[in-house]
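Undergrad: First the structure, then my questions, so here it is.
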Amino acid sequence: MKRLVHPRRFVQFYLVLVTCAVILLLANYAAWCPEEEEIKAGQDLLETYRERIREADVTINQLNAKLRARPSLESIHKHQNEYIPGLPMIYLITPTHSRLEQKADLVRLSYTLLHVYNIHWIIIEDSDIKTPVVSNFLKTSGLNYTHRNVKTPPEVKLTDTDPNWLKPRGVLQRNAGLQWLRETALKKKLEPAVVYFADDDNTYSMQLFEEMRYTRKVSVWPVGLVGGLRYESPIVVRGTVTGWFTYWKPQRPFAMDMAGFAVNVRLLLQHPNAQFTNAVQRGYQESTLLSGLGVMLSDLEPKANGCSKILVWHTRTEKTKLKNEDKMKQKLGRGSDLNMEV
Ligand code: UGA
Ligand code: MN
């Protein structure tokens, strides 16, 4: 029987077919791969999405920053003027005197006070007038304040060349503050209130104000960087003050710095004549007032965790040297612009 296709032919045919298919495949390979333009378009699309992700990241970071942002100065100022009923007022008496660093010191202190609720700043300038520097500063400070002035007479006033410990500072100014406070407290129905003598160059922790706020008579705490020591402090034994940790004049009845105590305003009214005086030796200002208020050691209320924490520092601002002002005048004919308030 004659075969239809010889097997060898069949194999040959098959081989030819396969070869043709491979050739065809190879010839069309390029057609199956994406065109260069398509790759480019894909890459562009990818880049567009990447860019959108980057933009979204920026937006997220901006929103995050907004969420964590400190309140604006305006909103802090608004809060300052909100009186919180029931929270005892703190009256802060600050003597201040003109000097190159005055505004810088006051600005720094004011930013601490802006964090404290129910606080009234009695600021008394050692000056014949209320100076524009302090007046303008107070107007924009956002704080509740009373601004007064009284000049220290020349015979008790420190001169530029005196060592700073020679004469007492801020005595008449603190007394003027006390006078205003007594008059004001008498006029108004007296809410619970405390008075604190805050010099303008010290450093105050916000916590200090909350410690003093509920003073019954007189509260006390340690002061850092004072008296030639790392700190001075009332000595507290079983919750009662028994003496003073100090090196300088430990025999003083109340051997602590002005920054170390606060007094209930009621006590000021009960002892209307108690005040500071220029007529006592150095270091006796605090003792003069507290003795005048009839305070005993056993009356003192230790604060700041039983006087174990420093919440106020007797920092002192370095005197600025203006040595290049003169040099500049000599060399260039003029120094800095005196109309520029510093
Ligand atoms: C230390 C105490 O910490 C003060 O409380 C105390 O009044 C003073 O000594 C003193 O011996 O009388 P210290 O840093 O040496 O303080 O004094 P300052 O900071 O120079 O002055 C105390 C306050 O009085 C400040 O608020 C300051 O501005 C003011 N002062 C100073 C005046 O009002 N007039 C002046 O001539 C000098
Ligand atoms: Mn000082």
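The values are calculated or read from the model by the stated rules, or taken from the named source; none is laboratory data. Just so we're clear, the structure is a prediction, and the values are computed from it rather than from any experiment. Because the Cβ atoms are built from the backbone with ideal geometry, glycine has one as well, and the counts that use them run over all protein chains shown. With ligands, DNA and RNA removed, areas are computed over all heavy atoms of the protein, side chains included. Shrake-Rupley method; radii C 1.70, N 1.55, O 1.52, S 1.80 Å.
Undergrad: Quick check: is even one residue across region 114-131 more than 16 Å from ligand 1 (Cβ to nearest atom), polar (S, T, N, Q), outside any helix (DSSP H, G or I) and crowded, with 16+ Cβ neighbours inside 10 Å?
TA: Yes.
Undergrad: Looking for whichever is within 16 Å of ligand 2 (Cβ to nearest atom) and more than 26 Å from the chain's Cα centre (by Cα) here; the options are Asn164, Asn175, Asn202. Which one fits? Working first, answer last.
TA: On the way: Asn175 fails: within 16 Å of ligand 2 (Cβ to nearest atom); Asn202 fails: more than 26 Å from the chain's Cα centre (by Cα).
Just one listed residue meets the conditions, Asn164.
Undergrad: Any idea which residue in region 136-155 is nearest to ligand 1 (Cβ to nearest atom), counting only those that are surrounded by 15 or more Cβ atoms within 10 Å (Cβ to Cβ) and either among the hydrophobic types (A, V, I, L, M, F, W, C) or assigned to a helix (DSSP H, G or I) (or both)?
TA: Out of the qualifying residues, it is Val150.
Undergrad: Also, quick follow-up: For region 59-87, how many residues are without any contact (Cβ under 8 Å) to a residue 40 or more places away in the chain and not in a helix (DSSP H, G or I)?
TA: Selection size over region 59-87: 9.
Undergrad: Quick check on region 96-113: of everything there that is of a type in the set (Gly, Ala, Ser) and within 16 Å of ligand 2 (Cβ to nearest atom), which residue is surrounded by the fewest Cβ atoms within 10 Å (Cβ to Cβ)?
TA: Here the answer is Ser98.
Undergrad: Same structure again: Look at Tyr196 and say whether it is closer than 29 Å to Glu125 by Cβ, of a type in the set (Ser, Thr, Tyr) and within 16 Å of ligand 2 (Cβ to nearest atom).
TA: It is true that Tyr196 is closer than 29 Å to Glu125 by Cβ, of a type in the set (Ser, Thr, Tyr) and within 16 Å of ligand 2 (Cβ to nearest atom).
Undergrad: Looking only at region 170-185, decide whether some residue is in contact with a strand residue (DSSP E or B) (Cβ under 9 Å, 6 or more places away or on another chain) and modelled with pLDDT under 95.
TA: Yes, region 170-185 contains at least one residue that is in contact with a strand residue (DSSP E or B) (Cβ under 9 Å, 6 or more places away or on another chain) and modelled with pLDDT under 95.
Undergrad: Can you tell me which residues in region 194-209 are open to solvent by 10 Å² or more (accessible area, probe 1.4 Å) and more than 12 Å from ligand 1 (Cβ to nearest atom)?
TA: Listed by number, the residues that qualify are Tyr204, Ser205, Met206, Gln207.
Undergrad: Looking at this structure, is Leu190 aliphatic (A, V, I, L, M), surrounded by 12 or more Cβ atoms within 10 Å (Cβ to Cβ) and at pLDDT below 95?
TA: The answer is yes for Leu190.
Undergrad: To continue, here is another question. Looking only at region 312-331, filter to residues that are closer than 30 Å to Glu211 by Cα and open to solvent by 90 Å² or more (accessible area, probe 1.4 Å); which one of those is nearest to ligand 1 (Cβ to nearest atom)? Steps first, please.
TA: Keep residues of region 312-331 that are closer than 30 Å to Glu211 by Cα, which gives 312-318.
Pick out the ones that are also open to solvent by 90 Å² or more (accessible area, probe 1.4 Å) and you get 316, 318.
Values: Arg316: 5, Glu318: 12 Å.
Within region 312-331, the match that is nearest to ligand 1 (Cβ to nearest atom) is Arg316.
Undergrad: Still on this model: Please verify whether Leu158 is part of a loop (DSSP other than H, G, I, E, B) and within 16 Å of ligand 2 (Cβ to nearest atom), treating the condition exactly as stated.
TA: Against the criterion (part of a loop (DSSP other than H, G, I, E, B) and within 16 Å of ligand 2 (Cβ to nearest atom)), Leu158 qualifies.
Here's the yes/no breakdown for (1) more than 10 Å from ligand 1 (Cβ to nearest atom); (2) surrounded by 19 or more Cβ atoms within 10 Å (Cβ to Cβ); (3) among the polar types (S, T, N, Q); (4) in a helix (DSSP H, G or I):
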{"position": "Thr94", "(1), (2), (3), (4)": "no, yes, yes, no"}
{"position": "Asp162", "(1), (2), (3), (4)": "no, no, no, no"}
{"position": "Arg174", "(1), (2), (3), (4)": "no, yes, no, yes"}
{"position": "Glu183", "(1), (2), (3), (4)": "yes, no, no, yes"}
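Undergrad: Do we have Lys309 as basic (Lys, Arg) and either more than 19 Å from Tyr214 (Cβ to Cβ) or open to solvent by less than 20 Å² (accessible area, probe 1.4 Å) (or both) here? Even if it seems obvious, please write down each step before you answer.
TA: Numbers: basic (Lys, Arg): yes; either more than 19 Å from Tyr214 (Cβ to Cβ) or open to solvent by less than 20 Å² (accessible area, probe 1.4 Å) (or both): no.
So Lys309 does not fit the description; no.
Undergrad: Is one or more of the residues making up region 291-299 surrounded by fewer than 20 Cβ atoms within 10 Å (Cβ to Cβ), without any contact (Cβ under 8 Å) to a residue 12 or more places away in the chain, more than 16 Å from ligand 1 (Cβ to nearest atom) and of a type outside the set (Phe, Trp, Tyr)?
TA: Scanning region 291-299, I find at least one residue that is surrounded by fewer than 20 Cβ atoms within 10 Å (Cβ to Cβ), without any contact (Cβ under 8 Å) to a residue 12 or more places away in the chain, more than 16 Å from ligand 1 (Cβ to nearest atom) and of a type outside the set (Phe, Trp, Tyr), so the answer is yes.
Undergrad: Would you check which residues across region 242-262 are among the hydrophobic types (A, V, I, L, M, F, W, C), over 29 Å from the mean Cα position of the chain (by Cα) and open to solvent by 50 Å² or more (accessible area, probe 1.4 Å) and list them?
TA: Trp248
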